[in-house]
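Here is the structure we will look at.
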């Protein structure tokens, strides 16, 4: 979200990686690293329905630096919908994501991770009960005990909206945000991640530590 890192782009890369890794048309369009499937105890590629089904303990799909692991992975090549369930883990060179389930609507650039998803990057971590990514609008919505740690910012709320175009993080619903030694409690707290400016609305309580 800051100039050198974007939560929206990070999570959206899962959608793009899945599209490239799973689409035969994409594989034929240009030379690319081979797709390796390991750990599968069951694999079915149904040309009649266009559905790929993989299961394992876990099954792992790897393409270059990208790896997706899960108990089961299905991909509908016609609807362009990818579903992974059962201890889902995504890794690449810049991040790791874990969740109980992930669904990606590739054509819409829309991803949903549920079951206490955790996103880890060099800039920090994002956790919630569910995380939804809207690639076209470049927004991330985290709901249910949302917790964002970004550099020296540590924020919690019932709901979190990250907007890349505005470079803002909006915590709402009992928001508690700490920036260094300072703390803000309010119904809504908005952080400008570029300017490092905090705005609080609704029963705000601000604690500022002043060095003597």
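Just a few scattered comments:
- Maximal additional length on extending the residue 134-residue 36 stretch stands at 32.5 nm, based on 0.36 nm per residue less the C-alpha distance.
- Label-point separation in nm, residue 57 to residue 176, each point 7 Å along Cα→Cβ: 4.1 nm
- Taking each residue as 0.36 nm, the span from residue 194 to residue 43 lengthens on full extension beyond its C-alpha to C-alpha distance by 49.7 nm.
- Relative contact order of segment 7-207: 12 percent, from C-alpha pairs under 8 Å at least 6 residues apart in sequence.
- On the basis of the beta-carbon distance and an R0 of 35 Å, residue 201 and residue 107 show a calculated FRET efficiency of 0.45.
- Beyond 31 Å, the tail of the calculated P(r) for segment 7-207 holds 25 percent of the Cα pairs.
Laboratory data are not the source of any read-out in this text; all were calculated from the coordinates shown. Keep in mind it's a predicted model, so treat the numbers as computed, not measured. Because the Cβ atoms are built from the backbone with ideal geometry, glycine has one as well, and the counts that use them run over all protein chains shown.
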